[in-house]
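The values are calculated or read from the model by the stated rules, or taken from the named source; none is laboratory data. Here the structure is a predicted model, which means the values were calculated and not measured. Here the Cβ positions follow ideal geometry from the backbone for every residue, glycine too, while neighbour counts run over all protein chains shown.
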DNA sequence: CTGTTAGCGCCTTCAC
DNA sequence: GTGAAGGCGCTAACAG
């Protein structure tokens, strides 16, 4: 039904090897035969079967990427950068959604490995022992992303969620905010959120805040932010800054403030984390931590390509850094 | 390096065919040999090579799905439903991001087809002639989604963006809104947005609005919504309802209203389309069109499974319907 | 430079 | 119920 390489070879009166060579751009083919073969390929509408190629070459040209939630714009951006870089090299992405669940991640890794991908991208740096073992045993390049660790499975490209949260808390302290609370999700526990919390606690310890260690837990959605606000307002010690582990929580809190007529940042300052498009659009603008996720994805892609080319790049850990965006929600640009 | 089926067969003292049979759950294997083989599989940690299986069986157990933007929650939900259903049948999804660009879609379809997927899911019902031709020629089941058409490539599951937009405009008219404008994105032209616009225009034609046909164009992001508001406010005929082609536009407009101190819905009512989580969270709540996208994805998955099972299901077009959610942004629940 | 020959790992008849 | 053998479509030596 579909035309095969052998048929092209017959039509072009050459061996299958030659067709394979022109297909893969080997240079040891005379221009004349190359042209003839390419003509046949075009005329016959030949399309290589990558499944067969993958089996023969034990290179599938496929990279698997695992993200905690397809549809989350943060991860989408990383995937976009990663996919762009890989695509330029004829490699395609197979994306898995592990829904913030480690055992689901393990199952997907197991499944995906049966498809013999050339490499793997994982979101986050904390994974099941079995997941790590499978990945290591596979022998293919692995890149973990969106956070940093000193003990990656293979290599890691990201930024320190810990350092970013700490820096944000410290900056807010310098800006005059004294009594702060931190709200994080419990619904989707993961290393990025966990490290943000730790960074906040570290800053508190260093600064000796009154409210040191005040931590709230809420589902990671708009309602969760609203719920946290409720607690903050009724807390014994008056709180003047709410640090949220994600922009979604922060925006939920801001919406709730609007509903209750609570001035932001006048009565309560609010900051987030992620710098979603929403953070810049909302009024007041949301102070948050920004990371160039597309660039991060691209770096991850280049790292994988390096490894795939056999080069053991000296970099096993790349920090892409972060930026704190101060906006009106914490008083930036507002006259005192 | 990795253990193969043949090695398992040798260890279990059976032929490769037998191992293959237990692997694929064929019933014509005696319980005793079945157990012995399964024991060996477990002991040796054998994992089948799906690339080889795909080549031999000409069934890859892979379905390709194309969405216009990975990271967009709407499409993420569809993929989630689709992936869930397929995964239960051991089928995995390969996701492509065509960025609202038809020629990119064409390129991705061409690439993906080389991997011999068992089926294809496409977002939207309008595609390149060449894309349609390639897909048809492939002979595999194709499902188009997120809209409806009478001329699908193979079959389609979605809802009528046209009918939904028209129903929304008509409902708003019944609620007393008389002079309305519609804003849609130009940056990402696609059939869903186009049909929403047509639905609005159809309603206008039927209702004989004063502002019949007032249509604005803006980039499909928060800023685009704000920009549209600017035009609406300066329009000669006073407009009392802004219908937005997407929730993102609508929310951008609401934010801008808040900045300018324009009462919503007092001075201007606003409605969106998509029912993102944001629509319910924002104040005022956003009136919008809601579709159960996860369910839509699941239906698409079942449709593909039907087709893959060889059953030519009588359904070639499934309408999953829509719901209009009236919220405060158009005056719902507000005393007159 | 180019044709030929083995496989890659698995499925699938086809006899036994 | 089970083993043996022949591909699936392609790549990768290996001769020439």
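Only residues that are crowded, with 20+ Cβ neighbours inside 10 Å and touching a residue at least 60 places away in the same chain (Cβ under 8 Å) were counted across segment A:119-140, and they come to 4.
Within segment A:52-74, being modelled with pLDDT of 95 or more, surrounded by 24 or more Cβ atoms within 10 Å (Cβ to Cβ) and at the interface with chain B (Cβ under 7 Å from one of its Cβ atoms) holds for one residue alone: A:54.
Within segment B:114-135, being within 11 Å of chain A (Cβ to nearest Cβ) and part of a loop (DSSP other than H, G, I, E, B) holds for B:114, B:115, B:116, B:117.
Considering B:100, B:46, the condition of being within 16 Å of DNA strand C (Cβ to nearest atom) and either on the phi > 0 side of the Ramachandran plot or touching a helix residue (DSSP H, G or I) at 6+ places or on another chain (Cβ under 7 Å) (or both) is satisfied by B:46 alone. Looking at residue B:136, is it at pLDDT below 95 and farther than 30 Å from residue A:282 by Cα? So residue B:136 does not fit the description; no. Would you mention how many residues in segment A:15-28 are surrounded by 18 or more Cβ atoms within 10 Å (Cβ to Cβ) and in contact with a helix residue (DSSP H, G or I) (Cβ under 6 Å, 6 or more places away or on another chain)? Residues meeting the conditions: 2.
When we screen A:239, A:231, A:254 for residues that are touching a helix residue (DSSP H, G or I) at 6+ places or on another chain (Cβ under 6 Å) and on the phi < 0 side of the Ramachandran plot, the only hit is A:239. Among all positions in segment B:22-36, there is no residue which is touching a residue at least 24 places away in the same chain (Cβ under 8 Å), more than 8 Å from DNA strand C (Cβ to nearest atom) and either within 43 Å of the chain's Cα centre (by Cα) or under 27 Å from residue A:53 (Cα atoms) (or both).
Evaluated against (1) within 30 Å of residue A:53 (Cβ to Cβ); (2) within 40 Å of the chain's Cα centre (by Cα); (3) not assigned by TED's automatic domain parsing to the domain that holds residue B:119, residue B:65 falls short on exactly one condition, (3). Do the conditions hold for residue A:84, that is, is it more than 9 Å from every other protein chain (Cβ to nearest Cβ), in contact (Cβ under 8 Å) with a residue 12 or more places away in the chain and farther than 19 Å from residue B:104 by Cβ? No. Looking only at segment A:4-15, decide whether some residue is away from every other protein chain (no Cβ under 14 Å), more than 16 Å from DNA strand D (Cβ to nearest atom) and more than 30 Å from residue A:127 (Cα to Cα). No, the conditions are met nowhere in segment A:4-15. If you go through segment A:165-194 one residue at a time, how many are buried (at least 21 other Cβ atoms within 10 Å of the Cβ), assigned to a helix (DSSP H, G or I) and more than 16 Å from the chain's Cα centre (by Cα)? So the answer is 5.
Residues that are more than 14 Å from chain A (Cβ to nearest Cβ) number at least 1 in the following helices (runs of 4 or more DSSP H) confined to segment B:246-336: B:293-308. Taking residue A:116 as the residue in question, decide whether it is within 16 Å of DNA strand C (Cβ to nearest atom) and outside the structural domain of residue A:140 (by TED's automatic domain parsing). So residue A:116 fails the test.
In segment A:219-234, of all residues being more than 11 Å from chain B (Cβ to nearest Cβ) and part of a helix (DSSP H, G or I), the one that is surrounded by the fewest Cβ atoms within 10 Å (Cβ to Cβ) corresponds to A:230. No other residue among A:242, A:304, A:233, A:207 is outside the structural domain of residue A:184 (by TED's automatic domain parsing) and either over 18 Å from residue B:284 (Cα atoms) or modelled with pLDDT under 95 (or both) apart from A:304. In this structure, does residue B:272 turn out to be without any contact (Cβ under 8 Å) to a residue 60 or more places away in the chain and buried (at least 17 other Cβ atoms within 10 Å of the Cβ)? It is true that residue B:272 is without any contact (Cβ under 8 Å) to a residue 60 or more places away in the chain and buried (at least 17 other Cβ atoms within 10 Å of the Cβ).
Only a single item in (1) outside the structural domain of residue B:66 (by TED's automatic domain parsing); (2) outside any helix (DSSP H, G or I); (3) touching a helix residue (DSSP H, G or I) at 6+ places or on another chain (Cβ under 6 Å) is not met by residue B:200, and it is number (2). For segment B:18-32, taking the residues that are modelled with pLDDT of 95 or more and near DNA strand D (Cβ under 7 Å from one of its atoms), the one that is nearest to the other protein chains (Cβ to nearest Cβ) is identified as B:21.
For the criterion of being under 16 Å from residue B:207 (Cβ atoms) and free of Cβ contacts under 8 Å to residues at least 40 places away in the same chain, residue B:170 passes.
Determine whether residue A:79 is within 14 Å of the chain's Cα centre (by Cα), at pLDDT 95 or above and facing another protein chain (nearest Cβ under 8 Å). So residue A:79 fits the description; yes.
Which one of these does residue A:110 not meet: (1) more than 9 Å from chain B (Cβ to nearest Cβ); (2) surrounded by fewer than 16 Cβ atoms within 10 Å (Cβ to Cβ); (3) under 22 Å from the mean Cα position of the chain (by Cα)? With respect to (1) more than 9 Å from chain B (Cβ to nearest Cβ); (2) surrounded by fewer than 16 Cβ atoms within 10 Å (Cβ to Cβ); (3) under 22 Å from the mean Cα position of the chain (by Cα), residue A:110 is out only on (1).
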